[in-house]
Amino acid sequence: LGNHPARLVFPELPTELPIAVDLIADLTAINPIDFFVEEYAERFPFPYEPALAADLEPYLRPVGGPVMQQWLASVGPPPESGLPVIEFLANLNQWVNRTIAYTVRLEQGVQTPDETLEKGIGSCRDSAWLVVAALRHLGMAARFVSGYRVQLRPDVGPGALRDGPDQDVHALRGWAEAYVPGGG
């Protein structure tokens, strides 16, 4: 994966091992939806090619129950409408945003899609799992992903213009990923 492994051998057992890490990251803003889509997948719904569908099978397994299915039936154009796939994905995210209030939830686990819809509130992981369930129900491969959101305090001198938090902020986040042929 392009990592640089190192092996350290100590002649004696150390009592401590301090490690300092410096990081330089390219934080260039990009348009996350500026990618090519295979011609057959430009409009939703679309069938995955058979070999690709076999590879995506774990991400096509349905989840969610009757409440989610009723919600899907009530939220916008039916799947046969032929919307551009990116517009469909944006609409689905907007539907979840309009339906589910956000809360910080410190309890472990993820609510079921039906539970999230019944409560009308959930954490980012709950809304993400709802999106995954909805996409899979509609035939689009999707998975749940988690990671960290890090927002660093601007590294500027006194008197400089600055936007952002006064201190470094980080939080565990959850989101959904959908597989769009051509874009990944």
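The values are calculated or read from the model by the stated rules, or taken from the named source; none is laboratory data. As the structure is a prediction and not an experimental result, all values here were calculated from the model. Cβ: placed from backbone, ideal geometry, glycine included. Neighbour counts: every protein chain shown. Heavy atoms of the whole protein, side chains included, go into the accessibility calculation; ligands, DNA and RNA do not. Shrake-Rupley method; radii C 1.70, N 1.55, O 1.52, S 1.80 Å.
So the values come out like this:
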{"read-out": "Scope segment 118-143; condition of a type in the set (Val, Ile, Thr) and in contact with a Phe, Trp or Tyr (Cβ under 7 Å, 6 or more places away or on another chain); matching residues", "value": "132"}
{"read-out": "Candidates 15, 28 - the one that is open to solvent by 100 Å² or more (accessible area, probe 1.4 Å) and either assigned to a loop (DSSP other than H, G, I, E, B) or free of Cβ contacts under 8 Å to residues at least 60 places away in the same chain (or both)", "value": "15"}
{"read-out": "Members of segment 120-138 found to be assigned to a strand (DSSP E or B) and either free of Cβ contacts under 8 Å to residues at least 12 places away in the same chain or under 14 Å from residue 175 (Cα atoms) (or both), listed by number", "value": "122"}
{"read-out": "For residue 38: the one exception among (1) open to solvent by less than 100 Å² (accessible area, probe 1.4 Å); (2) over 30 Å from residue 83 (Cβ atoms); (3) of a type in the set (D, E, K, R)", "value": "(2)"}
